[in-house]
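Values quoted throughout were computed directly from the atomic coordinates according to the rules given, and no laboratory measurement underlies them. Computed from a prediction, not measured in an experiment: that's the story for all the values here. As a convention, Cβ positions derive from the backbone with ideal geometry for all residues, glycine included, and neighbour counts pool all protein chains shown.
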Amino acid sequence: MRRSLSLGVAVGLYGASFGAAAAAAGFSVVQACATSLLVFTGASQFALASVLGAGGSVGAGVASSVLLGGRNGLYAVILKESVPAARWRRVVAAQVTIDESTAVATTSPRGLEPVGFWWTGLTVYAVWNLSTLVGAASASAIDPKAFGLDGAVGAAFLGLLWPRLRDHGRVALLGALLALVAVPLTPPGVPVLVAGLAVLPSLVKR
Amino acid sequence: MIWAGVLLTAAGCFGFKLAGWTVPSTVLERPLLRRGATLLPVALLAALVVTQVLAEGRSLVVDARVVSLAVGALCLWRRLPFLVVVVAAAAAAALVRLL
């Protein structure tokens with residue numbers, strides 16, 4: 001639970017930079033907040049803002065954004081095994097099914113997966129939306145970099161990866177390499193998807 | 001136009017999330033899918049670490065974020081609490097940028 005809260009705060013605070021990025025891309029404060037409330041999956045939100053802000057079409061923005069959000073569906077498939085949710089709770093669970101809540105849930109001790117999932121999902125949701133409002137409203141006034149928030153998010157991702165490195169180190173290494181190669185070749189957000197190909201060798205082997 | 005983008009993206013992203021929660025369990029019993037579902041987050045998290053720390057748009061840059069990651073890794077290796085890891089990493093980048 002403490003892990004959930006601290007990750008929630010760290011990642012959620014980064015929402016301020018989304019708010020600022022959205023404002024810079026021409027989103028109104030209401031539009032920026034609506035994006036965080038309704039879309040609620042960071043990479044997709046940044047993708048949408050960056051494509052629209054660069055003068056890209058709505059179609060291009062939505063396509064790259066939804067493609068990035070596809071992984072959340074796979075997360076739900078994993079989560080369903082350890083996190084019980086029926087009917088309307090499933091709808092709420094779906095909305096907070098993101099990188100962070102999935103990562104915390106799947107690395108929680110056996111039996112504690114629902115605690116990790118709900119605490120992380122709801123904490124990040126609350127802080128992400130509040131910080132989007134703050135970031136969008138004060139736009140350029142807030143500088144997440146001056147507070148080192150970008151570095152903190154990287155360390156948070158490493159913290160989530162850490163317990164899996166022992167068993168799946170090779171997949172992690174290959175994923176990281178693929179992403180690095182893809183950064184200069186593809187638009188922001190896509191390298192993470194390209195890295196997903198790192199699982200193929202392990203799947204073919206069996 | 002922005003509203004159209006926001007609403008379509010929201011619908012698409014939520015659709016994927018909900019579909020994952022409502023797909024019948026029988027489809028999920030395939031070992032290949034299970035193994036893929038276990039490994040995919042590992043690859044994506046590793047990619048998120050390096051892109052978060054090294055990517056700036058389409059270029060790779062080494063800046064204060066690398067110091068953050070190193071401090072974070074040191075904290076993780078010392079088995080320090082997650083909050084300490086994150087706060088120390090943020091402080092490291094903020095400090096480097098101040099200097």
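Grab the beta carbon distance between residue A:2 and residue A:145, set R0 = 30 Å, and tell me the FRET efficiency rounded to 0.05.
Taking R0 as 30 Å, the efficiency between residue A:2 and residue A:145 is 0.65.
Find the centroid of the Cα atoms in segment A:147-170 and in segment B:39-99, then give the distance between the two in whole Å.
If we compute the Cα centre of each part, the gap is 7 Å.
Given Cα pairs under 8 Å that are at least 6 residues apart, what percent is the relative contact order of chain A?
32
Let me check against my output: what whole-number percent is the relative contact order of chain B, with C-alpha pairs under 8 Å and at least 6 apart?
18
Okay, helix-only estimate at 222 nm for chain A: each DSSP H run of n ≥ 4 adds -39500 (n - 2.57), divide by all residues, round to 500 deg cm²/dmol; what do you get?
About -24000 deg cm²/dmol.
May I ask which residue of A:131, A:102, A:39 lies farthest towards the positive end of the charge dipole of chain A, with charges of +1 (Lys, Arg) and -1 (Asp, Glu) on Cβ and the Cα centre as origin?
Farthest along the dipole direction, towards plus: A:102.
How much length, in nm to one decimal, is gained on full extension between residue B:60 and residue B:35, taken as 0.36 nm per residue of separation minus their Cα-Cα distance?
Stretched fully, the residue B:60-residue B:35 segment lengthens by 5.9 nm.
How big, in percent, is the set of alpha carbon pairs in chain B lying more than 19 Å apart?
Summing the P(r) tail past 19 Å for chain B gives 66 percent.
Take the alpha carbon atoms of segment A:174-206, find their center, do the same for segment A:72-107, and report the distance between the two centers in whole angstrom.
24
Please work out, to two decimal places, the log10 of the ratio I(q)/I(0) at q = 0.06 Å⁻¹ from a Debye calculation in which every Cα of the protein assembly as shown carries one identical scatterer.
-0.17
Between A:146, A:156, A:85, find the one with the highest GNM mean-square fluctuation for chain A; connect C-alpha pairs within less than 10 Å.
Highest fluctuation of the listed residues: A:146.
Suppose each label sits 7 Å from its Cα in the direction of the beta carbon; what would the residue A:167-residue A:92 distance come out to in nanometres?
Calculated label separation equals 3.0 nm.
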